[in-house]
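Trainee: The structure follows.
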Amino acid sequence: MSVPTILAIESSCDETSASVISGGKVLSNIVATQAVHEQYGGVVPELASRAHQQNLIPVVSQALLTANVTKSELKAVAFTRGPGLLGALLVGCSFAKSFALGMNIPLIEVNHMQAHILAHFIDDPKPSFPFLCLTVSGGHTQIVLVKDYLDMEVIGLTTDDAVGEAFDKTAKMLGLPYPGGPMLDKTAALGNPDAFAFPVGNMPGYNYSFSGIKTSVLYFLKDKTKDNPDFVPENLPDICASVQKTLIKTLLKKLVQASKDLNINEIAIAGGVSANTGLRQTLQDFAKKYKWNVYVPAFEYCTDNAAMIAMAAHFQYLKDDFATQYVSPEPKLKI
Ligand code: KG4
Ligand code: ZN
């Protein structure tokens, strides 16, 4: 079989991204972040779709140019089918379908959450099967048992909010600018994680609940600011560090349990929240304590990017897993 050279598109949320992969090696990964949402303190779906429309062609051109690949060298075009925002997904899906038709090449539909996990196969060291992947993003919190590249089973998940949402919403309550997660992370680095105590939710099995901590932070702030309006500015790093510690503790408790029960010590993290420095550090500490081999993606492959879509598409291409022109986006696509 000839070496597959594939163009991949990611447009599920607020990053417009394109990547070229050849023979499993990522040649380019161009990401246009949409600044338009900053003033609203969160992603505005309609504005995301419009920005994808504007950004997509330049991002694709740049990805081809950086990879030094011409359109006629491409063997397939891949796109994120879901999960994500419908309007945003439609832009990438429509582009990829037209591109496939125009160039007469096959189309590959990729599951965004699978792709976050397959980002671990872009660079070395790569996990060996089976491994457990804690997949943590703005929309998802899952423990996934990864049996093979395209054979994954979700064994635990959040029953309400995603952990990324908990980061973002707490950050917003504390007056931190959008995007909240990375800002809370930065501020937490300056604070004492044991300054304040917040409750850790406990769900059955490997499941999570993150709506409780949001509410407890809200009541905590109401109580503390009652007599001291300057409480937040005076204690911001300590509050951030304490919230972050609680979220990390909750995430890792279930991961430790799953690792023990299934006797798996190949442990990975994926998704936007895996960029969190506290989580990355704690995972390294746990690696020593529990004799885990820990896999943490490079920062650029944690948050949304098309290189991970390209990596997934590569494995799908090798299995002749192609989509038809009848494919449409699926905002709630599951692993
Ligand atoms: O995977 P991702 O880029 O998009 C989704 O598919 O949702 O994840 C975005 C989420 C947001 O909630 C964002 O605040 C969070 O990842 N995030 C972080 C950090 N960087 C991104 N959360 C905590 N600390 C970070 N450093
Ligand atoms: Zn994502």
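The values are calculated or read from the model by the stated rules, or taken from the named source; none is laboratory data. Nothing here was measured: the structure is a model prediction, and the numbers come from that model. When we count neighbours, we look across all protein chains shown, and the Cβ atoms used for this are built from the backbone with ideal geometry, even at glycine.
Trainee: Within the range 72-82, count every residue that is in contact with an Asp or Glu (Cβ under 7 Å, 6 or more places away or on another chain) and either among the hydroxyl-bearing types (Ser, Thr, Tyr) or over 19 Å from residue 29 (Cα atoms) (or both).
Mentor: Matching residues across the range 72-82 total 2.
Trainee: Which residue, of 168, 238, is within 16 Å of ligand 1 (Cβ to nearest atom) and either of a type in the set (Asp, Glu) or in a strand (DSSP E or B) (or both)?
Mentor: On inspection, the qualifying residue turns out to be 168.
Trainee: Hey, among 86, 90, which residue is aliphatic (A, V, I, L, M), within 16 Å of ligand 1 (Cβ to nearest atom), more than 22 Å from residue 24 (Cα to Cα) and outside the structural domain of residue 249 (by TED's automatic domain parsing)?
Mentor: On the way: 90 fails: within 16 Å of ligand 1 (Cβ to nearest atom).
From the options 86, 90, the qualifying one is 86.
Trainee: Let me ask something else. Would the range 220-240 turn up any residue that is surrounded by 13 or more Cβ atoms within 10 Å (Cβ to Cβ), within 16 Å of ligand 2 (Cβ to nearest atom) and of a type outside the set (A, V, I, L, M, F, W, C)? Walk me through how you get there before you give the answer.
Mentor: If we filter the range 220-240 for residues that are surrounded by 13 or more Cβ atoms within 10 Å (Cβ to Cβ), which is where we start, we get 220-221, 224, 231-232, 235-240.
Narrowing the set further to residues that are within 16 Å of ligand 2 (Cβ to nearest atom) leaves none.
Checked the range 220-240: no residue is surrounded by 13 or more Cβ atoms within 10 Å (Cβ to Cβ), within 16 Å of ligand 2 (Cβ to nearest atom) and of a type outside the set (A, V, I, L, M, F, W, C).
Trainee: Which one of 66, 5 is hydroxyl-bearing (Ser, Thr, Tyr), touching an Asp or Glu at 6+ places or on another chain (Cβ under 6 Å) and surrounded by fewer than 23 Cβ atoms within 10 Å (Cβ to Cβ)? Lay out the reasoning, then the answer.
Mentor: On the way: 66 fails: touching an Asp or Glu at 6+ places or on another chain (Cβ under 6 Å).
5 is the lone residue from the list that is hydroxyl-bearing (Ser, Thr, Tyr), touching an Asp or Glu at 6+ places or on another chain (Cβ under 6 Å) and surrounded by fewer than 23 Cβ atoms within 10 Å (Cβ to Cβ).
Trainee: Which of the residues spanning the range 175-208 are in a loop (DSSP other than H, G, I, E, B), surrounded by 17 or more Cβ atoms within 10 Å (Cβ to Cβ) and small (Gly, Ala, Ser)?
Mentor: Hits for the range 175-208 are 191, 201.
Trainee: Right, next: Taking the criterion of being crowded, with 18+ Cβ neighbours inside 10 Å, under 14 Å from residue 207 (Cα atoms), more than 14 Å from the chain's Cα centre (by Cα) and away from ligand 2 (no atom under 16 Å from the Cβ), would at least one residue in the range 151-159 satisfy it?
Mentor: The answer is yes, given that some residue of the range 151-159 is crowded, with 18+ Cβ neighbours inside 10 Å, under 14 Å from residue 207 (Cα atoms), more than 14 Å from the chain's Cα centre (by Cα) and away from ligand 2 (no atom under 16 Å from the Cβ).
Trainee: Does residue 163 fit the bill of being buried (at least 24 other Cβ atoms within 10 Å of the Cβ), in contact with a Ser or Thr (Cβ under 6 Å, 6 or more places away or on another chain) and over 20 Å from residue 292 (Cβ atoms)? Before the answer, list the steps.
Mentor: Values: buried (at least 24 other Cβ atoms within 10 Å of the Cβ): yes; in contact with a Ser or Thr (Cβ under 6 Å, 6 or more places away or on another chain): yes; over 20 Å from residue 292 (Cβ atoms): no.
So residue 163 fails the test.
Trainee: Check 96, 78 and return the single one that is crowded, with 22+ Cβ neighbours inside 10 Å and over 22 Å from residue 271 (Cα atoms). Walk me through how you get there before you give the answer.
Mentor: Working: 78 fails: over 22 Å from residue 271 (Cα atoms).
From the options 96, 78, the qualifying one is 96.
Trainee: Looking for something touching a Phe, Trp or Tyr at 6+ places or on another chain (Cβ under 7 Å) and farther than 23 Å from residue 334 by Cα - is there at least one such residue anywhere in the range 89-105?
Mentor: no
Trainee: Among 253, 260, which is the only one that is basic (Lys, Arg), surrounded by fewer than 19 Cβ atoms within 10 Å (Cβ to Cβ) and either modelled with pLDDT under 95 or under 24 Å from residue 113 (Cβ atoms) (or both)?
Mentor: 253
Trainee: Can you say whether residue 43 is modelled with pLDDT under 95, under 18 Å from the mean Cα position of the chain (by Cα) and closer than 25 Å to residue 113 by Cβ, as far as the supplied structure shows?
Mentor: Spelling it out, residue 43 is indeed modelled with pLDDT under 95, under 18 Å from the mean Cα position of the chain (by Cα) and closer than 25 Å to residue 113 by Cβ.
Residue-wise test of (1) surrounded by 13 or more Cβ atoms within 10 Å (Cβ to Cβ); (2) within 16 Å of ligand 1 (Cβ to nearest atom); (3) modelled with pLDDT of 95 or more.
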{"position": "282", "(1), (2), (3)": "yes, yes, yes"}
{"position": "312", "(1), (2), (3)": "yes, yes, yes"}
{"position": "315", "(1), (2), (3)": "yes, no, yes"}
{"position": "322", "(1), (2), (3)": "yes, no, yes"}
{"position": "335", "(1), (2), (3)": "yes, yes, no"}
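Trainee: Another question about this same structure. Looking only at helices (runs of 4 or more DSSP H) that lie completely in the range 45-130, which have at least 1 residues being free of Cβ contacts under 8 Å to residues at least 40 places away in the same chain and closer than 28 Å to residue 141 by Cα?
Mentor: Values: elements: 45-67, 86-103, 112-118.
The helices (runs of 4 or more DSSP H) meeting that bar are 45-67.
Trainee: If residue 296 satisfies all but one of (1) away from ligand 1 (no atom under 16 Å from the Cβ); (2) of a type in the set (Val, Ile, Thr); (3) touching a Lys or Arg at 6+ places or on another chain (Cβ under 8 Å), what's the number of the condition it fails?
Mentor: It is condition (1) that residue 296 fails.
Trainee: Quick one: residue 303 ticks every box in (1) surrounded by 15 or more Cβ atoms within 10 Å (Cβ to Cβ); (2) modelled with pLDDT of 95 or more; (3) within 12 Å of ligand 1 (Cβ to nearest atom) except a single one, so which number is it?
Mentor: Among (1) surrounded by 15 or more Cβ atoms within 10 Å (Cβ to Cβ); (2) modelled with pLDDT of 95 or more; (3) within 12 Å of ligand 1 (Cβ to nearest atom), the lone unmet condition for residue 303 is (2).
Trainee: So is residue 304 touching a residue at least 12 places away in the same chain (Cβ under 8 Å), assigned to a loop (DSSP other than H, G, I, E, B) and acidic (Asp, Glu) or not?
Mentor: The answer is yes for residue 304.
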